[in-house]
Amino acid sequence: MDVHHEDKDMRARFDAYVADEGKVEPKDWMPDGYRKTLVRQISQHAHSEIIGMQPEGNWISRAPSLRRKMILIAKVQDEAGHGLYLYSAAETLGVTRDEMDEALLSGKAKYSSIFNYPTLNWADAVIIGWLVDGAAITNQIPLCRCSFGPYGRAMVRVCKEEAFHQRQGYEGMMVLAKGTPEQKAMAQDALNRWWWPAIKMFGPPDSDSPHSDQNTLWKIKRFSNDELRQKYLDMVVKQANALGLTIPDPDLKFDEDTGHWVSGPMDWDEFWAVVKGNGPCNRQRMKHRQKAHDDGLWVREAAVAFAEKQAKRNNQQKAA
Ligand code: FAQ
């Protein structure tokens, strides 16, 4: 059977299988659209983890204590690991790592908007753990149940690590928020700058989200962008109150009827400008990534040369 041939019966059987919570594995037949949207999402997710190392990585050499430095190094390394699981999951769909790298470096593939904002001081490095990892878990817990097996399984481990990241970020914010007036002011200033970018991480409003309908039917997405944003808002407002910090949204209000917090208007033009490459740090992030890629060329070449040498030796041993 030609596994790439898409016929109507196979498509209908596939759709019924995933609707019934069946898990799809790499060698199973799948519609081209399913493969394509997963390569898009998983590779973009991987790129986000890798580019996402930069804003916090900037603070490793300037962490305020040895304890904070050790935690930050471990966290940034975890993000590299997440990127690698995700690239591996995407490779099972037939795309190569080189192709994914090329798509990122040429600007064809996206990565999360959130990593295009600067970390101006220590509070920014800390708030990433609380707000960005908090948003990442909210989005990724449902992805553990994604219909595509390798992605869902990668997410289980990623979420365990993100939970630790979120807690260390919250603990770091607690120390700042309960510290000296200057430290509390730093924490509030970081929240003022990171709040709106964090809330927009969940993607455009449902009415402007072209991938949502099909990917919900395929059980890649379990909740819509706005549903996840709402869960996050309800969680984070409570946490900000516990910290004694003020969410920088003058229109934020609690709706007694629904039991949910309601956000003020979001500036989606600003979001799309960042996604299109015009955020405060897009160019810097890509320049740094390109340099790391170029500097790593000798490692990739050495690994290929070693693998070739080993294969040759194995063949010679087999022939002898
Ligand atoms: N930034 O139709 P939808 C992390 C694009 S990992 C940039 O709604 P979809 C860990 C979207 O790609 C953070 N672009 O798309 C960490 C699409 O464009 P395309 C990353 C965005 O896929 C913490 C277009 O807009 N997490 O933080 C964004 O159904 C700390 C239309 O959008 C993931 O990637 C955005 N924020 O829903 C690391 C999770 N939002 O592809 C270091 C997996 C949307 O057609 C430090 N991904 N776009 O050119 C997902 O769950 C989904 O892909 C969404 C978007 C929810 C992000």
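Which FRET efficiency value, to the nearest 0.05, do you get for PHE306 and SER106 by plugging their Cβ-Cβ distance into 1/(1 + (r/R0)^6) with R0 = 30 Å? Working shown, then result.
Numbers: r = 28 Å, r/R0 = 0.94.
Plugging the Cβ-Cβ distance into 1/(1 + (r/R0)^6) gives 0.60.
LYS219: which lysines have alpha carbons under 18 Å from its alpha carbon, excluding same-chain residues fewer than 8 sequence positions away? Answer for LYS219, where 18 Å is the Cα cut-off: LYS23, LYS36, listed by chain and number. Basic side chains Lys and Arg get +1 at the Cβ, acidic Asp and Glu get -1 at the Cβ, and with that the dipole of the chain about its Cα centre reaches some 1320 debye.
The rule of thumb for compact globular proteins, 2.2 N^0.38 Å, goes into the C-alpha radius of gyration of segment 38-121 1.20 times. The relative contact order of the chain, computed from alpha carbon pairs under 8 Å that lie at least 6 residues apart in sequence, is 18 percent. Assuming R0 = 41 Å, what is the FRET efficiency of LYS69 and ASP7, from their Cβ-Cβ distance, to the nearest 0.05? According to the calculation, E is roughly 0.10.
Rounded to a whole number, what is D in µm²/s for segment 258-320 from Stokes-Einstein with the Kirkwood radius over alpha-carbon pairs (10 °C, 1.306 mPa s)?
On the way: Rh = 16.8 Å.
In µm²/s, the coefficient rounds to 95.
Around the amide H of HIS260, modelled in the peptide plane, lie the amide H atoms of ASP255, all under 5 Å away and 5 or more residues distant in sequence or on another chain. Karplus-derived 3J(HN,Hα) values for segment 297-314, using 6.51 cos²θ - 1.76 cosθ + 1.60 with θ = phi - 60°, are 4, 5, 5, 5, 5, 5, 5, 5, 4, 5, 4, 5, 4, 5, 5, 4, 4, 4 Hz; glycine and proline are entered as x. Stokes-Einstein diffusion for the chain at 4 °C, viscosity 1.567 mPa s, with a Kirkwood radius from C-alpha pairs, works out to 60 µm²/s.
Once the convex hull of all Cα atoms in segment 80-224 is built, its volume per residue stands at 122 Å³.
Globularity index of segment 148-205 is 1.52 (Cα radius of gyration / 2.2 N^0.38 Å, N = number of residues). Checking the Cα-Cα distances for LYS108/LYS200; LYS27/LYS221; LYS75/LYS276; LYS27/LYS231; LYS108/LYS291 against a 25 Å cut-off, the pairs over it are LYS75/LYS276; LYS27/LYS231. Placing unit charges on the Cβ atoms of the charged side chains and taking the dipole of segment 79-143 about its Cα centre, the candidate lying farthest along the positive direction among SER106, ALA123, THR92 is ALA123.
Every read-out reported here was derived from the displayed coordinates using simple, explicitly stated rules and does not represent laboratory data. Please read these numbers as outputs of a predicted model, since none were measured by experiment. Glycine gets a Cβ as well: all are built from the backbone with ideal geometry, and neighbour counts include every protein chain shown.
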